[in-house]
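S.K.: Handing you this structure, nothing more for now.
The values are calculated or read from the model by the stated rules, or taken from the named source; none is laboratory data. The shown structure was predicted, so the numbers you read here are calculated from the model rather than taken from an experiment. Glycine also receives a Cβ, built like all others from the backbone with ideal geometry; neighbour counts cover every protein chain displayed. Keep in mind that these areas ignore ligands, DNA and RNA; they rest on the heavy atoms of the full protein, side chains included. Shrake-Rupley method; radii C 1.70, N 1.55, O 1.52, S 1.80 Å.
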Amino acid sequence: RLLPIVQCDRTQVTELFTNLISNAIEYNDHDQKSIEIGYILPDEIDDLVPTVLDRSQTIFFVKDHGIGIRAKHFEKIFKIFKRLHPASKYGGGTGAGLTIAKKIVERHGGDIALVSTFGEGSTFYFTFGARA
C-alpha cells in the first residue's frame, strides 16, 4: 500500500528517510539486503510498536534485517557524533544521521523510537504530530 500523504517540510522528511534507509543498508552484513518501509494506522497498532509513541496517530516505520543494536545503546544512538562502531567499519559516517532524524521528527511534532534485536535487525518507528 502507498504511504499516506502528510503535510511536512519536504526537504527535511526526505533527509529523514534518507538517513534511516542509508543506515539500514550500511549496517547490514548480509549479501541480500532488505528494507521495509511502511505505516501502521491507529486501529492496527500491535504490541511491537513502542508505547512511547502516540498511538492515536499514524506510525511510520523503516525496518531492516541488519546487524541490530543492543538495548543498552538505544538512547546513545540519537546523540550527536556517538558512533557504536569505529569510523572505518560499516561505511564510516559521522554519527550525526540519527540525531538529525530525531530532530526532524521532533520539528514535525512527532516522536521516534527503536525496536532492535542484536544480530537480527532494527525497526525505527516515528510519528508526525498535528503540527506536521
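S.K.: Counting only C-alpha contacts under 8 Å and six or more residues apart, can you give the relative contact order of the chain as a whole percent?
M.R.: About 30 percent, as a whole number.
S.K.: Would you please put 65-72, 119-126 in order of how densely packed they are, using the mean number of other Cβ atoms within 10 angstrom per residue and starting with the highest?
M.R.: 119-126, 65-72
S.K.: Another one. Could you grab the Rg to Rh ratio for the chain? Cα atoms only, Kirkwood for Rh.
M.R.: Rounded to two decimals, Rg over Rh is 0.94.
S.K.: Highest first, please rank the peptides 50-62, 28-40, 1-13 by the mean number of other Cβ atoms sitting within 10 Å of their residues.
M.R.: 50-62, 28-40, 1-13
S.K.: Where does the chain land at 222 nm, in deg cm²/dmol rounded to the nearest 500, when only DSSP H runs of n ≥ 4 count, each adding -39500 (n - 2.57), divided by all residues?
M.R.: Mean residue ellipticity at 222 nm (helix-derived): -7000 deg cm²/dmol.
S.K.: Now, a different point. Any chance you could give the angle, 0 to 90 degrees and rounded to 10, that helix 10-26 forms with the longest Cα principal axis of the chain?
M.R.: For helix 10-26, the angle is close to 40 degrees.
S.K.: Considering only protein heavy atoms and a 1.4 Å probe, what is the carbon-and-sulfur percentage of the accessible area of the chain?
M.R.: For the chain, the apolar C and S fraction of the accessible surface comes to 52 percent.
S.K.: Something else about it: In Å², what does the accessible area per residue of the chain work out to with a 1.4 Å probe?
M.R.: Per residue, the chain has 60 Å² of solvent-accessible surface.
S.K.: Another question, then. Of LYS76/LYS103; LYS33/LYS63; LYS79/LYS102; LYS63/LYS102; LYS72/LYS103, which ones are farther than 19 Å apart at the Cα?
M.R.: LYS72/LYS103
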